[in-house]
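First comes the structure, then the notes that go with it.
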Amino acid sequence: MRHRLFLPSLAALMAPPALAAAPVPPPAAAPPFTYADLTDLAAASPVVADVLVTRATRIKGDQAAGVAPGRVRFYVEAAVQSLVRGAQGLPGQVSWLVDLPLDARGRVPKLPKKARLLLLATTAGARPGELRLAAPYAQFAWTPELDQRLRAILTGLTAADAPPRVTGIGNAFHVPGALPGESETQIFLKTRDNRPISLNVLRRPGEQPRWAVALGEIVDEAAGPPARDTLLWYRLACFLPGTLPDSATAELSPADADAAREDYAFVVTALGACARNYAAG
């Protein structure tokens with residue numbers, strides 16, 4: 001007897017509005033994932049698992065409604081090798097839906113049995129092991145390098161001393177020094193959990209401006225800028241506004257407000273762009 005593949009409510013998990021069919025050009029090579037891309041995904045994924053594919057079934061007909069041109073939908077089943085992140089645990093077998101691009105010749109891609117993948121996902125549906133990818137591109141071929149990068153990011157995100165999530169700018173203060181060209185600016189940031197964090201810019205005559213981040217009430221004279229592609233850098237470069245809002249300088253004199261804006265612009269430039277090749281999660 002032939003058994004009909006039972007797909008629970010997973011088909012409804014990925015049902016964007018239907019798109020009109022159109023000629024599909026060969027897909028371009030996918031851009032690499034930046035530190036910000038991976039951190040966006042990791043922060044949005046309560047489940048991260050290392051799995052081996054046991055079966056991949058192409059979905060057609062009504063259950064493939066909404067698949068974008070140039071892609072095909074698969075229902076994937078896999079054995080969990082390692083639960084990298086997941087407070088509630090996972091059963092030994094998991095399943096999910098994924099839309100994969102056609103290859104350069106327009107052919108349906110293959111997802112071979114025992115392919116090793118890293119999934120970033122959320123739980124979905126009532127059946128144990130049903131997952132929903134955190135983003136359409138949150139299924140990766142496993143490599144030692146990617147595994148190491150993701151584990152390092154997750155360790156940073158879950159550390160007790162992880163820097164807080166920045167949600168905006170509080171007040172800015174600017175104090176001119178005793179000498180011409182000497183000054184100090186302190187800009188307090190708003191955070192999700194109300195933990196203190198501030199940006200501090202020090203200018204001295206004949207020297208390059210110096211800036212640092214303080215993760216507490218006291219400014220450490222030895223502190224400096226965060227290294228690029230670290231969680232603290234990500235919290236700042238990816239979530240600070242591009243310019244200092246007027247509300248931050250409302251209590252300053254016009255001259256001090258201009259100086260504070262200049263120092264803030266100096267910090268934003270020094271942080272550099274938050275490079276993303278994929279939409280923020």
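The values are calculated or read from the model by the stated rules, or taken from the named source; none is laboratory data. On a predicted model such as this, the values are computed, not experimentally measured, just so you know. Cβ: placed from backbone, ideal geometry, glycine included. Neighbour counts: every protein chain shown. Only protein heavy atoms, including side chains, enter the accessible area calculation; ligands, DNA and RNA are left aside. Shrake-Rupley method; radii C 1.70, N 1.55, O 1.52, S 1.80 Å.
Calculated FRET efficiency, Arg210 to Leu102, Cβ-Cβ distance, R0 = 51 Å: about 0.45 to the nearest 0.05.
Rolling a 1.4 Å probe across the protein heavy atoms gives the chain an accessible surface of 56 Å² per residue. Inter-label distance, Asp62 to Glu251: 6.3 nm, where each label sits 7 Å from its Cα along the C-beta direction.
At a Förster distance of 22 Å, what's the computed FRET efficiency of Ala115 paired with Ala44, Cβ-Cβ distance as r, to 0.05?
Plugging the Cβ-Cβ distance into 1/(1 + (r/R0)^6) gives 0.40.
Please list, by residue number, everything in segment 136-158 whose backbone N is under 12 Å from a paramagnetic label point 7 Å out along Cα→Cβ of Ala227. Flagged as within label range: none. Working note: 222 nm ellipticity from helices only, DSSP H runs with n ≥ 4, each -39,500 (n - 2.57), summed and divided by the residues of the chain, gives -5500 deg cm²/dmol to the nearest 500.
Per-atom-type breakdown for the chain gives carbon and sulfur 55% of the accessible area (1.4 Å probe, protein chains only).
Say R0 is 51 Å: what FRET efficiency, to the nearest 0.05, do Ala79 and Arg195 get from their beta-carbon distance?
Working: r = 41 Å, r/R0 = 0.79.
Plugging the Cβ-Cβ distance into 1/(1 + (r/R0)^6) gives 0.80.
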